[in-house]
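J.: First the structure, which I've put down as structure tokens, then a few questions once you've had a look.
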Amino acid sequence: MLELGQLQAFYGPAQALFGVDLRLQVGQMLVLQGLNGAGKSTLLKSIVGLEVQTRGRICMRLDERAEPVDMGAWPAYRRVRAGLGYVAEDRRLFAGLTVRENLLITGGSVQQLDWVLERFALLKPMLGRSAAQMSGGEQQMLATARALMMRPRLLLLDEPCEGIAPVLVETMVQTLIDLRSQGLSLLVAEQNRQLVQAADQVVELVAGKVRDSTTR
Ligand code: ATP
């Protein structure tokens, strides 16, 4: 599904990733770990093509039978069209829009809205509420639901459980596990133990390099 080869990432002259190799199979969940500043967010941004300059290979298989394509030079919108979904750490919601508007602004269909709301039932009674009036955990659910409106095949999530109430953490973890069982591939930067235990692969970054990789 995704293969990174000798990936380097730069913020102007400052290098943040130093030759990362990584492979993710279709329908699997890879959890990325590492201390603050290890390069987890940078890795996700490199894959989606935002805010950072990269060198090396970022290959995705666009469909099961096709050869992998190197997306490294593509703009972010083209990567999203090819099947990538991304939820940033700061969620990037439209605070002044309602939950329903935040979901439909993606251009996703009403059928897809129904599908997404089945997975995030907590959002159903909040459709008319503005995103600014939601708790952090509810906003995280909305940001994840919004990414799913585009029907991605690979979803990148930056610390989805960070700073949210324990009861919502459990819902989030279970929702991600359910999405995997429906064939979605996931790459998640996260420290949550339950999610780490459920992962097919755990990769630890230290100072912009892979220190450890465990496959289950
Ligand atoms: P955290 O858990 O704190 O989010 P992280 O593992 O996601 O950490 P990154 O945010 O990817 O780490 O940061 C990796 C390195 O890149 C750090 O040295 C950081 O200071 C640097 N960095 C991150 N964003 C920028 C930026 N916009 N400009 C310059 N350097 C940056």
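The values are calculated or read from the model by the stated rules, or taken from the named source; none is laboratory data. Remember, it's a predicted structure, so these values are computed and weren't measured experimentally. Here Cβ is always computed from backbone atoms with ideal geometry, including for glycine, and neighbour counts include all displayed protein chains. Accessible surface areas use protein heavy atoms only, side chains included; no ligands, DNA or RNA. Shrake-Rupley method; radii C 1.70, N 1.55, O 1.52, S 1.80 Å.
J.: Given the options 16, 147, 73, state which has the largest fluctuation in a GNM of the chain using a 10 Å cut-off (strictly under) for Cα springs.
T.: Fluctuation is largest for 73.
J.: Ordering 47, 177, 105 by how much accessible area each has at a 1.4 Å probe, largest first, what is the list?
T.: Largest accessible area first, the list is 105, 177, 47.
J.: Can you compute 3J(HN,Hα) from phi for each residue in the stretch 191-205, using the Karplus curve 6.51 cos²θ - 1.76 cosθ + 1.60 with θ = phi - 60°, rounded to whole Hz and x for Gly and Pro?
T.: So the Karplus estimates, Gly and Pro as x, are 9, 3, 5, 5, 6, 4, 5, 7, 5, 7, 8, 10, 10, 9, 9 Hz.
J.: If you don't mind, another one. Just for the Cα atoms in the chain, what are the lengths along the principal axes, largest first, rounded to whole Å?
T.: Here the spans come out as 46, 35, 34 Å, largest first.
J.: For residue 6, what charge total do you get from the other residues with a beta carbon under 9 Å from its beta carbon, if Lys and Arg give +1 and Asp and Glu give -1?
T.: Charge balance in the 9 Å sphere: +1.
J.: The stretch 69-135: D in µm²/s via Stokes-Einstein (Kirkwood Rh, Cα pairs, 20 °C, 1.002 mPa s)? Could you put the intermediate results ahead of the total?
T.: Values: Rh = 13.6 Å.
The calculation lands on 158 µm²/s.
J.: When the helices in the chain are scored as -39500 (n - 2.57) per DSSP H run of 4 or longer and the sum is shared across all residues, what 222 nm value do you end up with, to the nearest 500 deg cm²/dmol? Before the final figure, lay out each step's value.
T.: On the way: 7 runs with 66 residues, N = 216.
That comes out to -9000 deg cm²/dmol.
J.: Residue 124: which aspartates and glutamates have alpha carbons under 20 Å from its alpha carbon, excluding same-chain residues fewer than 8 sequence positions away?
T.: 101, 114, 138, 170, 178
J.: Each residue of the stretch 42-51 in order: what ³J(HN,Hα) in whole Hz does its phi give by Karplus 6.51 cos²θ - 1.76 cosθ + 1.60, θ = phi - 60°, with x for Gly and Pro?
T.: 4, 4, 5, 5, 5, 5, 7, x, 10, 6
J.: Please turn the phi angles of the stretch 123-138 into ³J(HN,Hα) values with the Karplus equation 6.51 cos²θ - 1.76 cosθ + 1.60 (θ = phi - 60°), one per residue in order, whole Hz, x for glycine and proline.
T.: So the J values, rounded to whole Hz, are 7, 3, x, 10, 4, x, 8, 7, 4, 5, 9, 10, 6, x, x, 5.
J.: In addition: Treat every Asp and Glu Cβ in the chain as -1 and every Lys and Arg Cβ as +1, leave all other atoms uncharged, and give the resulting dipole magnitude about the Cα centre to the nearest 20 debye.
T.: 360 debye
J.: Let me ask something else. Restricting things to Cα coordinates, could you compute the convex hull volume per residue of the stretch 6-74 in Å³? Provide the component values of the computation, followed by the final result.
T.: Working: hull volume 6.3 nm³, N = 69.
Per residue, the Cα convex hull of the stretch 6-74 comes to 91 Å³.
J.: Over the heavy atoms of residue 129, what accessible area does a 1.4 Å probe trace out, to the nearest 10 Å²?
T.: Looks like 90 Å² after rounding.
J.: So how far, in whole Å, is the C-alpha centre of the stretch 39-71 from the one of the stretch 159-181?
T.: If you average the Cα positions of each part, the centres end up 24 Å apart.
J.: With all protein chains present and a 1.4 Å probe, how do 181, 109 order by accessible area, largest first?
T.: 181, 109
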